[in-house]
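Any read-out appearing in this document is the output of simple, stated calculations on the displayed coordinates, not a laboratory observation. Just so it is clear, the model here is predicted, and its values are computed rather than measured. With ideal geometry, Cβ positions are generated from the backbone for all residues, glycine too; neighbour counts draw on all protein chains shown.
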Amino acid sequence: MKIYKTISNSKNNAHHNGASLVEFAVVCILFFILLFSIIDFAILLYNKQVINNAAREGARYGLVARPLDSPISVNSIENRVLAYLNNRIINFGPQKFETPSVKFYDIKNHFEKSYCRFGYEIEVIVTCDYQFLFLPFDLNPIVSNVTMRCE
């Protein structure tokens, strides 16, 4: 009688071991999907912060680094923003940065100017495409808009 119970118990254990393996495979797949989703969104948030900082750095550079006798060029501000992005952004594919938009405004008359003086505003808009690594989502480009006043 004991031999029969031992044999039947070993068959049941083999059946349960197979079920455990299937459960582990399902849970493991869900765990890795969750883990890689967290990593993907963390990289997205980091890149969003880098783009915000790049726009802020460009606007600050346009206000602080300008010589008194001649205004700083829009091209040098754009190069400063692109250099900031290239040094800090995490991107595993090709770099997809649009040229930053830099505009100077006369606050009193609301006219767009080509240089920055006291009382003017500088607006820097940075746009960058982001593609998820693991998730099949398609996002609109990440855009950061920074406006600072020259005082």
Which FRET efficiency value, to the nearest 0.05, is calculated for Phe41 and Ser101 with the Förster distance at 22 angstrom and r the Cβ-Cβ distance? 0.20
Expected unfolding gain across Asn86-Phe31 under the 0.36 nm per residue rule, minus the alpha-carbon gap, is 16.5 nm
